[in-house]
Amino acid sequence: MRISKCTVAFAATVSLFSQTLATPPAFEVASVKPSNPQARLPAGMFTYPGGRIVANLCTLEYLIEQAFDVPSFQIAGGPGWMKNDRFDIEAKPPASSLSSKANPFNFKLPPNDEQRQMLQTLLEDRFQLKFHRENKEGLVYALTKGNKALKLQDSKDKNEYPWAGIGPGLVGTNISMPQFAKRLAAEFGRPVVDQTGLTGSFDFRFEYHSDDPHPDHISSVITSIQGLGLRLEASKGPVETIVIDHAEKPSEN
C-alpha cells in the first residue's frame, strides 16, 4: 500500500498537535532559591504586568495552596520542612502565553488559572513534587442569602484590593461572594460554597456587640454574617484533598 506525502504530513501535524496538548503550561524563566531570613521583603506571592510572578519568604505548603487554589486544610502529607522552610521565586511566562498579556490592577491579586498551572509545573520540576487527589465526604458550609435585607453596598472602588476582615464583626472591601466564601473557609477550616447568587463586588461593615467579654469567635462570625443578611448552612459534601506523596528541597538554579 502506497502512503501519500499528504497522509504523512497530516499524521505529523496530528502528532505535533497531540504533543502540544499534552505539554503542561510552564514558565519560560524561573528562579528558585532559599529565602534570606534577614531580607526585608513583603511575604507572599505577587503578580505583575506581563505575567511575572514573585514569591517572597514562602513555604512549599503556601506555594501548593497558590498553585492548586486550595486552603491549607485541604493539603495532606508531605515532609515536615514543607511547612517551615521558606523560598523565594521569580518566574516569567513565555511571550506566547495568555498570561504574558496580563495586567493586574493590584500586585496582591492571586495568580490566574494559567499561572497556577505553570506554578504546578514548576513545583513538579524544581521540588520534585508528586501528589494525588482524594475526594471524601465531609462537613461543608453553604453561604446563602438570609431572610433579612442585605446590608451590602456595591463597591465604591473596583480597583481596590478585594479584602475581608473577620472578628469581631465583619468588614469587606470590593470583595465578591465567591472570594468572601474562600475567606470564610480559611476562618472555619472547612469548605464554604457560595450559593448566594449575588454577582459583582461589595463593600460592607457589621460591628459585632456582645455582653460577654470573651465571646466565642465562631459564634460571633456567624452572628455577623447574619447581620449582613446572609446565612451559613452546614451540610455534607465532597471535600477534595491534595495529598503530597513526595517532595524534595529545590535544586540550585
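Only the coordinates and a few stated rules stand behind these numbers; no lab work does. Just so it is clear, the structure is predicted and the values come from calculations on it, not from any experiment. Every residue, glycine as well, gets a Cβ built from its backbone with ideal geometry; the counts of neighbours run over all protein chains shown.
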Exercise for the section: Give the residue from Ile222, Ser99, Pro250 lying farthest towards the positive end of the charge dipole for the chain; charges sit on Cβ (+1 for Lys and Arg, -1 for Asp and Glu) and the dipole is referred to the Cα centre. Expected result: Ser99
Problem - Nearest 10 degrees, 0 to 90: helix 5-22 Cα axis against the chain principal axis - result: 30
Handout entry: Point-charge dipole on Cβ atoms (K/R +1, D/E -1) for the chain, about Cα centre, debye to 20
Key = 660
Exercise for the section: Quick one: check the C-alpha center-to-center distance for the stretch 218-250 versus the stretch 65-142, whole angstrom. Expected result: 18
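Could you give the length gained on full extension between Asp212 and Leu41, defined as 0.36 nm per residue of separation minus the Cα-Cα distance, in nm?
Result for the pair: 57.6 nm of gain on full extension.
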Problem - Choice from Gln38, Gln128, Gln179 showing the highest fluctuation, given a GNM over the chain with Cα pairs closer than 10 Å - result: Gln38
Practice task
Note the angle between two axes, namely the Cα long axis of helix 217-227 and the longest principal axis of the Cα atoms of the chain, as a number of degrees from 0 to 90, rounded to the nearest 10.
Solution key: 80
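Normalise the Cα radius of gyration of the chain by 2.2 N^0.38 Å (N = residues in it) and let me know the number.
1.23
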Fill in the blank from the handout: Rounded to the nearest 10 degrees, the helix 113-126 long axis (Cα) sits at an angle to the longest Cα principal axis of the chain of 60
Completion exercise
Quick calc: nm separation of the 7 Å Cα→Cβ label points for Ala149 and Lys236 -> 4.0
Exercise for the section: Just need the relative contact order of the chain here, percent rounded to a whole number, with Cα pairs under 8 Å and 6+ apart. Expected result: 24
Fill in the blank from the handout: Taking Rh as the Kirkwood radius computed over alpha-carbon pairs of the stretch 20-127 and applying Stokes-Einstein at 37 °C with viscosity 0.692 mPa s, one gets a diffusion coefficient in µm² s⁻¹ of 231
Problem - Fewest-first ranking of Ile89, Ile222, using other Cβ atoms within 10 Å as the exposure measure - result: Ile222, Ile89
Exercise for the section: Quick one: net charge around Ile244, please, counting Lys, Arg +1 and Asp, Glu -1 for every other residue with C-beta under 10 Å from its C-beta. Expected result: -1
Practice task
Rank Ala39, Ala142, Ala234 by mean-square fluctuation in a GNM of the chain with C-alpha springs under 10 angstrom and give only the top-ranked residue.
Solution key: Ala39
